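S.K.: Next up is a structure, given as structure tokens.
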Amino acid sequence: MHVELVSPDRKVWTGTAEMVIAKTGEGDIGILAGHQPLLGTLVESPVTIKRGDEPDLVAAVHGGFISVSNRGVSILAELVELSSDVDVARARVAYDRTEGAVDDDEEERAAHRRAAARLRAAGEQI
């Protein structure tokens, strides 16, 4: 199936994939060719694009939408970071710094979710 991963400033990746795994506000979703059409809101998390014989493409996405149609899958993210581009040390510092974010500090909780998404995309345990 055809897949596009884009952010407002660039087309990050486009190509053919066997499966897409993402996390929406309703939970994790796996998409194969022939999936029912849908539109979902993405949450801060890794997106995995399984490309058959090629290595999986993993990216941290920070908000956005996923759209499935008869033309394929479009992942429209506010911000995309490929796993190979994640600065793991910096993400770990941000994750640890915001670990105890209080419930009423939405900015710190959002920073914690972004750092967690980056670490997961890079294959790190949290």
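S.K.: Cα-Cα pairs above 13 Å in segment 62-107: how many percent? Let's see the in-between values first.
M.R.: On the way: 744 of 1035 pairs.
I get 72 percent for the Cα pairs in segment 62-107 exceeding 13 Å.
S.K.: Can you give me the distance in nm between label points at Val88 and Glu18, each placed 7 Å from the Cα along the Cα-to-Cβ direction?
M.R.: My value for the distance between the label points is 2.6 nm.
S.K.: Continuing with this model, one more query. Could I get the Rg over Rh figure for the chain? Both from C-alpha atoms, Rh via Kirkwood, rounded to two places.
M.R.: Here the Rg-to-Rh quotient is 0.99.
S.K.: Express in nm, to one decimal, how much length is gained between Glu108 and His2 on full extension, taking 0.36 nm for each residue of separation and deducting their alpha carbon distance.
M.R.: 34.6 nm
Readers should treat all values here as calculations from the given coordinates under stated rules, not as data from a laboratory. All of these numbers come straight from a predicted model, not from anything done at the bench. Using ideal geometry, Cβ is built from the backbone for each residue, glycine included, and neighbour counts are taken over all protein chains shown.
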